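The values are calculated or read from the model by the stated rules, or taken from the named source; none is laboratory data. The structure presented is a predicted model; accordingly, all values stated were derived computationally and were not measured. All Cβ positions, even for glycine, are placed from backbone atoms using ideal geometry, and neighbour counts span all protein chains on display. All accessible areas refer to the heavy atoms of the entire protein, side chains included, with ligands and DNA or RNA removed. Shrake-Rupley method; radii C 1.70, N 1.55, O 1.52, S 1.80 Å.
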Amino acid sequence: MKMKKEIILALFALMSLNSIAQTLVSTTPQKRKALIEEYTGVNCQYCPLGHKAIDEIAATYPGQVYSINIHQGTFASRYTTQWGNALAQQAGVQSYPSSTLNRHAFKGASIQIFPSENYVYVPQVLQMDAPVNVAAVVDIDPQTRLMTVRVEAYYTSNSEANNNYLNVAILQSNVYSTQSGGTTYYPENMVNGKYHHKHILRHLLTGQWGDTIYNTTAGSLFTKEYAYVVPHSIGDLTIDNVDDLSVVVFITQNHKEVLNVTEAIRAGQRAYLSYGGVDQNTCSYNVQPFVSVVNATSHPISELQLLVDGESLARQKTLSPYHIDTLHLPALALDPLPDEHFYYQASRTVQLTGYTSEGSHVSINDSPISFPIADFHLYTATPPLTLSIHYDNYPTEVSYSLFGYQDCSYYYQHTGLNNQSQQTVEFTLSPALAGVYRLRLSDVGGDGLNGNISVSDALGNTLFSRNATDLSLWDYYFHLTAPGVDPPLVDIESSASTLLQPTVFPNPISDVLNIMAERLLQAQLFSSTGRLVATTDQPTLHVATLPAGIYLLRIVTTDNVTIKKVIIR
């Protein structure tokens, strides 16, 4: 009788998923979402730095970044799977923590990057066009532990390959256990003395490299269903609560390049709020909060009722069955020109109280979600600013940039040089316009420096001085009350650099840009918003297809890094 009941449940679940055939996936062209596969282990001392970096990136781009923690290698004594070694071999993992981002090669042929490098590359991925959209819904019966997954993929343009590959990964979160370096490098992730492990790879329903999608031309729709009985343990990790499981679905090209990714919606009886965040608007003082609303039911929704910081808000919103969408909340205007230094912190608390479905009102009493919408220091200062950095043995991992909100442009950019190892180097920041600027400091190695980073103003006031042992990505904001003396978009090199500076011509340019640089390694062209639009290792760069405007050219040689302003007309 028990076996018959389980078979009936399995058939009912699959019939329920069939009833929503071809309703999951969007047919509108979209940008790609990001998949970070992190290679880690419980005995890896510095791996919590990688976990922290990826958690911060996911929080910065809510709903656009998904992560899979793959416990693998000599530091992984627990939570390993049969899939990890082959994935790590493909990624070329040589150190821990390591990661890949959409399995894309950002540096030469290798797809391996430091976890903190995702700060730099995730925005680039989110600007890439996706040839295919993917959506999925998962239902897990807590009694029988039967998991059913339906996946839909729709091609909005032709894929570069005739065959693509669908991957369905089961992940487990809320595992509280040991982790080397946890209390030192990610103390906020410790709960009652134990480390909170998340997104641990447990199983691949589609095998090591995925199920083949044979038709990858524009207008093609691919659907597939999976049924899996969740065991009570996989390897040395028990699965006591099936609610700790999630399903991430992604499509690859040649088993590497990830064309798009999503997390499966958990089928249920009502709608709910998934997360909240703010739109990433680079050149605005207005903060635009939003919440993600999930319709986990088999009926459409036409209106939402919410409480936003205790105030009622009703919005017309069409949500198809088993769909997730974004609902924007009233914007918050920040004061960009305060009279003195201040620390600005604000958050939103949002509760879904009800919704209208097929003409009927459904009342719910979900717990509210809270999320930060602003969290930064802003210093008022007189230019020029003096930035002091004490480098460690790996200065080329450390960089800074100064971004201006008046004209949405980068004014200074610099990456450490090999000859600056174990030196304290001062940089003068004196942009030509008064106004608000963001200073971004980053260490792509993710292991920080063994000295201080500080900023002082023209009056000799130390605005901040901070030990950089935990440097991964820092942002500081400055209101400069007077114009400086340097023109915008000029890189200030250290006094240790006496090499002949690279030059570019003609400038302005409309066709081919010539680059004169000794021992050129690479040249990267960035838009005014910081997006990488072209790259070359040759002395010429073709720009005829790019829109007119101001760009930054980052020239990397064996001895130096230089930034040049380029005007395309």
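Could you tell me which numbered condition residue 127 fails, if it satisfies all but one of (1) more than 27 Å from residue 324 (Cα to Cα); (2) modelled with pLDDT under 95?
(1)
Write out, first by first residue and then by second, each pair whose Cβ atoms fall under 8 Å of each other, whose residues are 6+ apart or on separate chains, and whose first residue, in the range 373-398, is free of Cβ contacts under 8 Å to residues at least 24 places away in the same chain while the second is outside any strand (DSSP E or B) and of a type outside the set (Ser, Thr, Tyr).
Close Cβ pairs (under 8 Å, with a partner that is outside any strand (DSSP E or B) and of a type outside the set (Ser, Thr, Tyr)) amount to 396/416; 396/417; 396/418.
With 388, 367 as the choices, which residue is surrounded by fewer than 18 Cβ atoms within 10 Å (Cβ to Cβ), in a loop (DSSP other than H, G, I, E, B) and among the hydroxyl-bearing types (Ser, Thr, Tyr)?
Within the list 388, 367, the selection yields 367.
Tally the residues that are assigned to a loop (DSSP other than H, G, I, E, B) and hydroxyl-bearing (Ser, Thr, Tyr), restricting the search to the range 423-450.
Within the range 423-450, residues that are assigned to a loop (DSSP other than H, G, I, E, B) and hydroxyl-bearing (Ser, Thr, Tyr) number 1.
Suppose we filter 25, 42 for residues that are open to solvent by less than 60 Å² (accessible area, probe 1.4 Å), at pLDDT 95 or above and part of a loop (DSSP other than H, G, I, E, B); which single one remains?
42
Quick one: is residue 294 closer than 30 Å to residue 207 by Cβ, of a type in the set (A, V, I, L, M, F, W, C), free of Cβ contacts under 8 Å to residues at least 40 places away in the same chain and assigned to a strand (DSSP E or B)?
Here the answer is yes, as residue 294 does meet what is asked.
Within the bounds of the range 152-166, is there any residue that is surrounded by fewer than 17 Cβ atoms within 10 Å (Cβ to Cβ) and touching a helix residue (DSSP H, G or I) at 6+ places or on another chain (Cβ under 6 Å)?
No: the range 152-166 contains no residue that is surrounded by fewer than 17 Cβ atoms within 10 Å (Cβ to Cβ) and touching a helix residue (DSSP H, G or I) at 6+ places or on another chain (Cβ under 6 Å).
Looking at (1) part of a helix (DSSP H, G or I); (2) of a type outside the set (D, E, K, R); (3) modelled with pLDDT of 90 or more, which one does residue 453 not meet, given that it meets all the others?
(1)
Please find, within the range 50-65, the residue that is farthest from residue 276 (Cα to Cα) out of those that are open to solvent by less than 30 Å² (accessible area, probe 1.4 Å) and in a helix (DSSP H, G or I).
My answer is 50.
I want to confirm something. Restricting to the range 182-195 and keeping residues that are at pLDDT 95 or above and buried (at least 18 other Cβ atoms within 10 Å of the Cβ), which single residue is nearest to residue 238 (Cα to Cα)?
Selected residue: 195.
Got a number for residues in the range 250-261 being under 18 Å from residue 201 (Cβ atoms) and more than 17 Å from the chain's Cα centre (by Cα)?
Final tally of qualifying residues: 4.
Are there any pairs, at least 6 apart or on different chains, whose C-beta atoms fall under 9 Å, with the first in the range 152-168 and closer than 15 Å to residue 219 by Cα and the second basic (Lys, Arg) and in a strand (DSSP E or B), and if so, which?
152/224; 153/224
So which of 237, 201, 221 is closer than 23 Å to residue 255 by Cα and open to solvent by less than 60 Å² (accessible area, probe 1.4 Å)?
Step by step, each of 237, 201, 221 is checked, and only 201 is closer than 23 Å to residue 255 by Cα and open to solvent by less than 60 Å² (accessible area, probe 1.4 Å).
Between 103, 32, which is at pLDDT 95 or above, out of contact with any Lys or Arg (no Cβ under 8 Å at 6 or more places or on another chain), surrounded by 19 or more Cβ atoms within 10 Å (Cβ to Cβ) and among the basic types (Lys, Arg)?
32
Got a number for residues in the range 233-258 being in a strand (DSSP E or B) and more than 30 Å from residue 301 (Cα to Cα)?
8
Somewhere in the range 341-353, is a residue of a type in the set (S, T, N, Q), within 25 Å of the chain's Cα centre (by Cα), part of a strand (DSSP E or B) and within 30 Å of residue 461 (Cβ to Cβ)?
Yes.
Go through the range 298-319 and report how many residues are open to solvent by less than 50 Å² (accessible area, probe 1.4 Å), closer than 23 Å to residue 136 by Cβ and either out of contact with any Lys or Arg (no Cβ under 8 Å at 6 or more places or on another chain) or of a type in the set (Ser, Thr, Tyr) (or both).
2
Among the residues that make up the range 370-380, is at least one of them in contact with a strand residue (DSSP E or B) (Cβ under 7 Å, 6 or more places away or on another chain), of a type in the set (D, E, K, R) and buried (at least 18 other Cβ atoms within 10 Å of the Cβ)?
no
Among the candidates 115, 97, which residue alone is crowded, with 22+ Cβ neighbours inside 10 Å, in contact with a Cys (Cβ under 6 Å, 6 or more places away or on another chain) and farther than 30 Å from residue 220 by Cβ?
Answer to the check: 97.
For residues in the range 423-442 being crowded, with 17+ Cβ neighbours inside 10 Å, in contact with a Ser or Thr (Cβ under 6 Å, 6 or more places away or on another chain) and not small (Gly, Ala, Ser), which is farthest from residue 343 (Cα to Cα)?
425
Which number in (1) in a strand (DSSP E or B); (2) surrounded by 13 or more Cβ atoms within 10 Å (Cβ to Cβ); (3) at pLDDT below 90; (4) out of contact with any Leu (no Cβ under 7 Å at 6 or more places or on another chain) marks the one condition that residue 336 misses?
(1)
Taking residue 383 as meeting all but one of (1) open to solvent by 60 Å² or more (accessible area, probe 1.4 Å); (2) within 24 Å of residue 483 (Cβ to Cβ); (3) assigned to a loop (DSSP other than H, G, I, E, B), write down the number of the exception.
(1)
Looking only at residues in the range 71-100 that are part of a loop (DSSP other than H, G, I, E, B) and under 19 Å from residue 256 (Cα atoms), which one is modelled with the lowest pLDDT?
94
Return the residue satisfying two criteria in turn: it lies in the range 540-554 and is open to solvent by 50 Å² or more (accessible area, probe 1.4 Å) and under 27 Å from the mean Cα position of the chain (by Cα), and of such residues it is farthest from residue 510 (Cα to Cα).
Once the filter is applied, the top-ranked residue is 554.
Quick one: which residue in 242, 293 is surrounded by fewer than 20 Cβ atoms within 10 Å (Cβ to Cβ) and farther than 26 Å from residue 124 by Cβ?
242
Could you figure out which of (1) in contact with a Pro (Cβ under 9 Å, 6 or more places away or on another chain); (2) at pLDDT below 80; (3) open to solvent by less than 20 Å² (accessible area, probe 1.4 Å) isn't true of residue 494?
Every listed condition holds for residue 494 apart from (1).
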